[in-house]
1. Looking at B:Leu341, B:Leu369, B:Leu315, which is the one that is crowded, with 24+ Cβ neighbours inside 10 Å, assigned to a helix (DSSP H, G or I), of a type in the set (A, V, I, L, M, F, W, C) and at negative phi?
2. Sort through B:Ser469, B:Ser518 and tell me the only one that's in a loop (DSSP other than H, G, I, E, B), in contact with a Pro (Cβ under 9 Å, 6 or more places away or on another chain) and either within 14 Å of chain A (Cβ to nearest Cβ) or at pLDDT below 90 (or both).
3. Mind listing just one residue for me: the one in region B:372-383 that is crowded, with 21+ Cβ neighbours inside 10 Å and not polar (S, T, N, Q) and, of those, nearest to B:Tyr133 (Cα to Cα)?
4. I'd like to check something: does region B:401-416 contain any residue that is farther than 20 Å from B:His251 by Cβ and free of Cβ contacts under 8 Å to residues at least 24 places away in the same chain?
5. Which members of region B:220-255 meet the condition of being surrounded by fewer than 24 Cβ atoms within 10 Å (Cβ to Cβ), of a type in the set (Ser, Thr, Tyr) and within 10 Å of chain A (Cβ to nearest Cβ)?
6. Just checking, does region A:92-101 include any residue being at the interface with chain B (Cβ under 8 Å from one of its Cβ atoms), in contact (Cβ under 8 Å) with a residue 60 or more places away in the chain and more than 21 Å from the chain's Cα centre (by Cα)?
7. Does B:Phe423 count as outside any helix (DSSP H, G or I) and surrounded by 22 or more Cβ atoms within 10 Å (Cβ to Cβ)?
8. Counting only residues that are crowded, with 17+ Cβ neighbours inside 10 Å, of a type outside the set (Ser, Thr, Tyr) and at the interface with another protein chain (Cβ under 7 Å from one of its Cβ atoms), how many does region A:51-82 have?
Amino acid sequence: MNVVIPGKPDPAPSVSAALTKKLAKKRLIVALVLSAAMIVIYFGFMGLFAFDKPLLGTILVPGLSLCIVLGPLVIISSFALCLVYVLWANRVLDAGVRDLR
Amino acid sequence: MGSSTLSIGFFFAFMALTLAITYWAARRTRTTEHFFAAGGQVTPWQNGWALAGDFLSAAALLGIAGIVTSNGFDGMIYSIGWLVGWPIILFLIVEPLRNVGRFTFADVVAYRLRQRPVRLAGAVGTLAVILFYLIAQMVATGSLIKLLFGLPYTWSVVVVGSVMLVYVLFGGMLATTWVQVVKAALLMGGGILLAFLVLTHFEMNPLKLFAAASEKYGTKVLQPGSKVVSGQWDAISLGLGLMFGTAAMPHVLMRAYTVKDAKAARLSILYATGLIGVFHLMVFIIGFGAMVLVGADAVAKAGGGGNMAAPLLALTVGGNAFFGFICAVAFATMLAVVAGLTLSGVATLCHDVWTNVIRNGTASEAEQLKVARIATVMIAIFAIFLGIAFEGQNVAFMAGLAFSIACAANFPSLVLAITWRRFTTPAAVASILVGTLSSLVLIYLSPTIQVDILGKPLAAIEHQWWFVSLRNPAIISMPLSFAVAILLSLVTREKNADLAFDEMQRRILLGPVQPNSSEQGQTRSAA
């Protein structure tokens with residue numbers, strides 16, 4: 001029921017406030033999920049380094065052990081996660097921010 | 001020696017270029033906005049390179065290469081740890097920082113809270129980080145320059161301190177940014193060339209290099225060992241400190257303010273992550289290259305605790321000129337890192353302590369600039385003095401301590417201030433102080449100080465009630481800092497902080513720009 005109550009302020013600011021909240025929440029969720037992914041990848045690797053050195057030291061082919069594969073993979077995945085966030089933010093977040101302005 | 005003359009020649013070329021930049025920058029540095037944030041006009045690319053320049057210390061090239069040369073794979077633990085904090089900066093920190101703050105990370109923590117107590121505590125955390133990192137850098141600089149150029153230790157420290165003073169004092173953030181960019185370009189260029197020359201010896205195939213290393217020294221060099229990082233939980237604790245410490249390093253965070261908006265800040269972190277990642281992969285090749293082509297024994301014999309691996313490798317694969325170039329790059333690296341650290345210390349002293357605590361936010365531009373310049377001179381003198389005082393001391397732990405304090409003192413309060421409505425002033429202050437103090441106390445009670453520095457035998461102290469077996473305190477001090485923050489937030493109430501939360505969230509997204517004054521740059525209001 002769209003009853004306009006006299007004396008109430010224009011609804012626009014609260015709509016924009018709600019949209020801002022929604023976008024802020026969305027950004028926080030993306031940020032937390034990606035951070036969690038980074039933490040899982042890194043501490044997964046460090047967990048192996050701390051608690052299962054023999055597994056990490058498995059020689060795959062001459063000149064290549066599991067840790068020499070996984071170490072650079074952690075480095076590459078750090079950059080890949082950054083890239084995912086930046087692509088998302090440039091497309092979705094920035095568009096949302098433009099609409100709010 | 002010919003190579004020494006060459007390296008001094010390269011070094012003077014670097015000095016001439018950077019001092020010319022400083023002269024140019026000095027004429028454009030008239031406000032605090034310029035002095036601390038280069039007027040917000042640095043481009044994302046420049047800032048990405050400058051971030052890499054700020055963050056990659058001599059330890060990243062000389063130190064890690066040395067560890068890899070003598071221990072193989074384990075050196076990479078540091079490379080990885082120094083990189084994985086960058087995504088955390090990108091996801092959680094840089095955009096709120098850019099949109100809410102002005103010059104320091106305390107701007108963001110104090111935004112909803114009571115300014116004076118929070119800024120004062122923030123200054124304690126920041127200055128502790130900078131102090132320990134600066135001492136570690138100055139001492140390493142003095143002994144490395146002595147090794148590389150034959151210049152006496154005291155003179156090395158004085159030269160680095162004075163040149164750094166000139167950059168920061170006259171050129172502020174603009175000059176410091178360009179010094180970082182030039183240094184990062186030299187470091188990346190030198191690293192790429194060195195790694196490339198190594199690989200030409202192995203048919204451009206890293207696997208052939210690793211295979212040659214394991215043939216010469218056994219497969220253990222390709223496997224994780226326990227010499228570099230001993231203890232299982234210590235490894236996890238080290239990882240925590242490196243990851244979240246990197247994400248809260250004041251001189252890194254400060255760079256968020258040098259670009260024009262949140263998008264530019266975001267891009268600069270992406271570029272920096274790529275550059276630092278590539279650099280660390282090259283250092284791994286360089287370390288193994290030195291192991292095979294120079295030999296672990298020859299590197300150990302050259303002194304400097306393995307730090308000569310990369311320069312000696314340059315000599316082997318590229319001759320005298322390349323050796324001189326790498327030495328000069330190492331010198332430039334140290335100079336640039338101490339300049340960045342000093343500038344962030346100055347920002348804390350001037351913007352947080354003087355302007356917002358002592359003067360309650362009412363200092364004029366002219367006064368702030370004057371204070372900033374006095375603080376610069378003070379920190380430079382302090383750094384030179386400490387560098388000389390700690391000559392020959394084992395200060396390697398201080399860099400790790402700086403990361404632990406950043407991780408335990410700065411990171412929790414920053415993240416909670418951004419994300420948690422209930423966060424209060426007492427919680428922020430206590431969290432920062434507990435993080436700083438617990439890191440200091442834990443490291444003092446650990447073998448790092450008790451055995452390595454004080455020389456007590458491990459057997460005599462390991463059954464004492466106070467003994468802490470962890471060399472890296474982060475795994476205790478960081479959760480402790482979070483726990484104190486959460487507990488105190490729950491038992492205290494701060495109406496203003498609660499009310500300002502929605503406004504802060506709005507500002508994190510939209511920035512400080514008012515709807516009617518759409519152009520950015522001029523309207524960055526004070527935090």
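The values are calculated or read from the model by the stated rules, or taken from the named source; none is laboratory data. Quantities reported herein were computed from a predicted structural model and do not represent experimental measurements. Glycine gets a Cβ as well: all are built from the backbone with ideal geometry, and neighbour counts include every protein chain shown.
1. B:Leu341
2. Result of the check over B:Ser469, B:Ser518: B:Ser469.
3. So, considering only residues that are crowded, with 21+ Cβ neighbours inside 10 Å and not polar (S, T, N, Q), the one nearest to B:Tyr133 (Cα to Cα) is B:Ala383.
4. no
5. Matches in region B:220-255: B:Ser226 only.
6. yes
7. yes
8. Here the count works out to 13.
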